[in-house]
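Engineer: Below are the structure tokens for one structure; questions will follow.
The values are calculated or read from the model by the stated rules, or taken from the named source; none is laboratory data. Here the structure is a predicted model, which is why all the values come from computation and not from measurement. Using ideal geometry, Cβ is built from the backbone for each residue, glycine included, and neighbour counts are taken over all protein chains shown. Ligands, DNA and RNA are excluded from the accessible area calculation, which covers all protein heavy atoms including side chains. Shrake-Rupley method; radii C 1.70, N 1.55, O 1.52, S 1.80 Å.
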Amino acid sequence: MSEWKEYKLSEYIVMSPKVPTTKNEEYSFVGMEDLSPSGKYVEPNGKRKASGLTKFQNGDTLFAKITPCLENGKIAQVRNLVDNIGVGSTEFFVFRGKHMTSDNDFIYYLLRSYPIKEFAIRNMTGSAGH
């Protein structure tokens, strides 16, 4: 019998974590075009107001929720956000490690793993591949 235990992904990941923002204030911005299929990190390319955008913090993992972006490997960990808060494309899922359970590097590498990425790709639906 194996000593390995199975756990649910939700036991290790916070999906769409709450990030407080202030109306009319500008925050570091990351667009889908900023994510490289081969790079671990993504950095902001400017600033925008938070209204209607996805919110995240340094260390969070951005995971493309549309095809072909996910198929092309657009998954990255955010860094160098001004004041630790950023906004970005609504085409991102945001994941963060759970406090005292997992860390953000573990979450990034877990989401980049073949089984997780392929499961997400196979389960996308609709014409936009959400």
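Engineer: Ignoring any ligand, DNA or RNA, what whole percent of the accessible area of region 54-130 comes from carbon and sulfur when the probe is 1.4 angstrom? Before the final figure, lay out each step's value.
Structural biologist: Details: 2040 of 3840 Å².
Answer for region 54-130 is 53 percent, counting heavy atoms of protein chains only.
Engineer: Further, regarding this structure: Quote the charge dipole size of the chain about the Cα centre in Debye, to the nearest 20; the model charges only the Cβ of Lys and Arg (+1) and of Asp and Glu (-1). Write out the running numbers ahead of the final one.
Structural biologist: Numbers: 17 positive and 15 negative charges, 54 e Å.
It comes to approximately 260 debye.
Engineer: A follow-up question, please. Looking at region 14-130, what % of its DSSP beta bridges pair antiparallel, to the nearest 5? Provide the component values of the computation, followed by the final result.
Structural biologist: Values: 17 of 22 bridges.
Roughly 75 percent of the beta bridges in region 14-130 run antiparallel, per DSSP.
Engineer: Would you work out which of 81, 22, 2 lies farthest towards the positive end of the dipole of the chain? Charges go on Cβ: Lys and Arg +1, Asp and Glu -1.
Structural biologist: My answer, from the dipole projection, is 22.
Engineer: Using the Karplus equation 6.51 cos²θ - 1.76 cosθ + 1.60 (θ = phi - 60°), what ³J(HN,Hα) coupling, rounded to whole Hz, does each residue of region 33-39 give in order, writing x for Gly and Pro?
Structural biologist: With the stated coefficients, region 33-39 comes to 5, 7, 7, 9, x, 10, x Hz.
Engineer: Restricting to lysines 8 or more places apart or on different chains, can you count the pairs in the chain with Cα atoms under 14 Å from each other?
Structural biologist: 11
Engineer: I would also like to ask the following. Kindly give the semi-axes, whole Å and largest first, of the ellipsoid equivalent to region 43-88, taking each as the square root of 5 times a Cα gyration tensor eigenvalue.
Structural biologist: Numbers: eigenvalues 79, 31, 14 Å².
The equivalent ellipsoid of region 43-88 has semi-axes of 20, 12, 8 Å.
Engineer: I'd like the chymotrypsin sites (Phe, Trp or Tyr not before Pro) in region 1-54 restricted to DSSP loop residues with at most 12 other Cβ atoms within 10 Å, sorted by number. Present the calculation step by step, with values, prior to reporting the outcome.
Structural biologist: Values: sites: 4, 7, 12, 27, 29, 41; in loops: 4, 7, 12.
Here the chymotrypsin sites (Phe, Trp or Tyr not before Pro) that fit, given the DSSP loop and packing criteria, are 4, 7.
Engineer: Count the net charge of all other residues whose Cβ sits under 12 Å from the Cβ of residue 47, scoring Lys and Arg as +1 and Asp and Glu as -1. Display every interim value, and only then the final one.
Structural biologist: Numbers: positive: 48, 49; negative: 25, 26, 83.
Neighbour charge sum, excluding residue 47 itself: -1.
Engineer: I've got another one for you. Which of these, 49, 18, 74, has the largest mean-square fluctuation under a Gaussian network model of the chain (Cα springs below 10 Å)?
Structural biologist: Maximum among the listed residues: 18.
Engineer: Let me ask something else. Please list 124, 15, 32, 100 from largest to smallest accessible area, probe radius 1.4 Å, with all protein chains kept in place. Display every interim value, and only then the final one.
Structural biologist: Numbers: 124 35, 15 100, 32 15, 100 165 Å².
Heavy-atom accessible area, descending, gives 100, 15, 124, 32.
Engineer: Which value at 222 nm does the chain reach when only helices count, each DSSP H run of 4 or more adding -39,500 (n - 2.57), with the total divided by all residues and rounded to the nearest 500 deg cm²/dmol? Before the final figure, lay out each step's value.
Structural biologist: Values: 2 runs with 18 residues, N = 130.
Helix contribution divided over all residues of the chain: -4000 deg cm²/dmol.
Engineer: Rolling a 1.4 angstrom probe over the protein heavy atoms, how many square angstrom per residue are accessible across the chain? Before the final figure, lay out each step's value.
Structural biologist: On the way: 7940 Å² over 130 residues.
Accessible area per residue: 61 Å².
Engineer: Which one, 59, 110, 31, is farthest towards the positive end of the dipole of the chain when Lys and Arg carry +1 and Asp and Glu -1 on their Cβ?
Structural biologist: 31
Engineer: If exposed means no more than 14 neighbouring beta carbons inside 10 Å and the site is in a DSSP loop, what's the longest run of the chain without any exposed GluC sites (Glu not before Pro)? Before the final figure, lay out the partial values.
Structural biologist: Working: sites that count: 3, 6, 25.
My reading of the result: 26-130 is the longest stretch.
Engineer: A further question follows. Below 8 Å between Cα atoms, with a sequence gap of 6+, how large is the relative contact order for the chain in percent?
Structural biologist: Details: 248 pairs, mean separation 37.8, N = 130.
Over the chain, the number comes to 29 percent.
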